[in-house]
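The values are calculated or read from the model by the stated rules, or taken from the named source; none is laboratory data. Since we're looking at a predicted model, the values are computed, not measured. Heads up, the Cβs are rebuilt from the backbone with ideal geometry, glycines too, and the neighbour counts pull from every protein chain shown.
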Amino acid sequence: MSISPFPAPLEPIAGRRFAFFPPVQNVSGNEWMYRRATWTECVVVNTESGQEFFVPRSFLGEITTGNGVTVVTLHRELESRGNALCPVRCPVIELPIAVNDVPRVHESPRREHPAPVINIRLEQRPELRVGKRFGVALVLGAVACTIVADIARQIQANERADVIRFTRPYLQLGSDDDYFAVTHKLGKPGTDRTVTGERGAVYRVLAYGGGRYRVILEGPGRNAAKYIGTLARDGRVVDMVRRDGGGTSAGLLRSMPPI
């Protein structure tokens, strides 16, 4: 029996960059890429440091994607310990024992004879009814706090997605986007150049951000080219898409002629 290299819950982040929410503590930057996975844990790479981390899959929650931005929700707040992402530890402060002080154990006096049995009739007092009402009010308050916390968490996730969209707008692009789709999402490019690669492949290079990054389209012709990835000013690949068959566009980006 063949086993899929990308188990079903992790397919949305394969080959794409994503962010954790809440962010991982003790790690600079919150931009990650999926590397590989087993049925119990997966390996992710921090794009800023290039370091690999192991994270148990039980900590991974819902994966949301909106306008090309992917956010992975975590069930627990995590921190880095070596090459692993573990739950945040809460320090426990132990109060010191005074000098010459020893723990005291209070023993109840032993009875030589069994205590007499007395019939007691219990009646519900008005105070008990008030206590029940107070308990119901506490439960309802806890439910309301949980709902408010969930709404606040969703708002924070949306705000973080907006920040990523503003600082890295090319993350909105997908493999089906042609020139018109790219200009609709990112606007008119600063420059628009075309180069021809091996076997007649046409690469359309669109410069954005004052030349800080270049959006690459590839296809059999200039008007039929579609998005395959984004290069930084120094030629570093900052985004790429998955191709049919499970591969990525990294090979196409590397085989592109010099611009």
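Outside any loop (DSSP other than H, G, I, E, B), more than 29 Å from the chain's Cα centre (by Cα), surrounded by fewer than 19 Cβ atoms within 10 Å (Cβ to Cβ) and not assigned by TED's automatic domain parsing to the domain that holds GLY15: does that describe GLY210?
Answer is yes for this residue.
Among the candidates SER4, SER58, which residue alone is at pLDDT below 85 and either over 12 Å from the mean Cα position of the chain (by Cα) or surrounded by 13 or more Cβ atoms within 10 Å (Cβ to Cβ) (or both)?
Just one listed residue meets the conditions, SER4.
Could you tell me whether VAL238 is assigned to a strand (DSSP E or B) and modelled with pLDDT under 90?
In short, yes.
Do you know which residues across segment 213-246 are more than 29 Å from the chain's Cα centre (by Cα) and not small (Gly, Ala, Ser)?
GLU218, PRO220, ARG222, ASN223 - these are the residues of segment 213-246 that are more than 29 Å from the chain's Cα centre (by Cα) and not small (Gly, Ala, Ser).
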